[in-house]
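Asker: Structure incoming, see below.
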């Protein structure tokens, strides 16, 4: 079971550093096998903004970008086509070693000095897109990309034994941390607006094995459009070992990891008999 320190902080007030939280959980019977820092390799990757773009004098597929990284403008050679002036981008500064092992230096590319690198998702190990550079939301120039993307975090890998099923969700682990540290446990408010016809007029649930499944609840959500989940949700799922699929599947997996409640989404139009 993987949980992140910042995800736990959404449910419990924690003042102890991650390593001391891990030690407390160990003593309580929830073994923490290891701690893993997110954002390793992103220490020298900062937010930049492309100010100007000019063609490379010796390579038609390359561009010369002036990128403001807060306090200075770097001249960077870029080969991506999905760039434009004003765009916020991740910039690896000279001396950076990226998660893929690549070390960035000032170097000449086709006779022009490049003072850093504008990075793709794949180069930062934040996605699979290696063709274009990663677009960032507006943020303070020169600020760490890891902080902007919520990657200044630590993953706790738990070895949950059969007698501690409460350790199989972020909420369950947070309750344990609250009890161990005296931090206040809190539940973020959840509001579900009730609109449209009652669910029982749209679908029915038949439990064929009440002994094995005493309760099964259903809810109909209408007007859903399938698409990618928000970036923050995708990154959080990836941090705990879950591959993002789409907004619907990701929502069910998020609820499972956070609250320990298994969910499954069905296509209403394909349900036989309803």
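Asker: Quick one: give the max-minus-min coordinate of the C-alpha atoms of the chain along each principal axis, largest first, in Å.
Answerer: So the three principal-axis extents are 74, 50, 27 Å.
Asker: Same structure, new question: Please state, as a whole number in µm²/s, the translational diffusion coefficient that the Stokes-Einstein equation yields for the stretch 1-63 at 4 °C and 1.567 mPa s, with Rh defined as the Kirkwood radius across alpha carbon pairs.
Answerer: 81 µm²/s
Asker: May I ask you to list the residues of the stretch 220-243 whose amide nitrogen lies under 17 Å from a point 7 Å from Cα along the Cα→beta-carbon direction of residue 265?
Answerer: In the stretch 220-243, the label zone of residue 265 (backbone N under 17 Å from the point 7 Å along Cα→Cβ) covers 220-238, 242-243.
Asker: Listed highest first by mean packing, meaning other Cβ atoms within 10 Å per residue, what order do 195-204, 11-20 come in?
Answerer: Ranked from most to least packed, the peptides come out as 11-20, 195-204.
Asker: If I model a spin label as a point 7 Å beyond the Cα along the Cα-Cβ vector, how far apart are those points for residue 202 and residue 106 in nm?
Answerer: Placing both labels 7 Å beyond Cα along the Cβ direction yields 6.2 nm.
Asker: State the extension gain, in nm to one decimal, for the chain segment bounded by residue 159 and residue 245, taking 0.36 nm per residue of separation less the distance between their alpha-carbons.
Answerer: Separation in residues times 0.36 nm, less the Cα-Cα distance, equals 28.3 nm.
Asker: Calculate how steeply helix 18-27 sits against the longest principal axis of the alpha-carbon atoms of the chain, using the helix alpha-carbon long axis, and give the answer as 0 to 90 degrees to the nearest 10.
Answerer: Computed tilt is about 30 degrees.
Asker: If you don't mind, there's one more thing I want to ask. Please determine, in degrees from 0 to 90 and to the nearest 10, the orientation of helix 170-181 with respect to the longest principal axis defined by the Cα atoms of the chain, where the helix direction is its Cα long axis.
Answerer: 90 degrees
Asker: Please report the orientation-averaged projected area of the stretch 140-270, defined via the convex hull of its C-alpha atoms, in nm².
Answerer: 12.3 nm²
Asker: To continue, here is another question. Mind pulling the angle between the C-alpha long axis of helix 247-259 and the longest principal axis of the chain? Nearest 10 degrees, somewhere in 0 to 90.
Answerer: 70 degrees
Asker: Stretched out fully, how many nm does the piece from residue 211 to residue 13 gain, at 0.36 nm a residue minus the Cα gap?
Answerer: So the chain would gain 67.4 nm between residue 211 and residue 13.
Asker: Suppose a student asked you for the relative contact order of the stretch 199-270, using Cα pairs under 8 Å spaced at least 6 residues apart; what percent would you report?
Answerer: In percent, rounded to a whole number, it is 20.
Asker: Let me ask something additional. Run through all the Cα pairs of the stretch 199-270 and give the fraction in each 5 Å bin from 0, expressed as whole percent.
Answerer: Calculated over all Cα pairs of the stretch 199-270, the distribution is 3, 13, 21, 21, 18, 13, 9, 3, 0 percent.
Asker: Counting only Cα atoms, I'd like the Rg/Rh figure for the stretch 45-148, Kirkwood definition for Rh.
Answerer: In the stretch 45-148, Rg relative to Rh is 0.92.
Bear in mind these aren't lab numbers, they're just calculated from the coordinates by the rules spelled out. Just so you know, these numbers come straight off a predicted model, no measurement behind them. Reconstructed Cβ throughout: ideal geometry from the backbone, glycine too, with neighbour counts over all protein chains shown.
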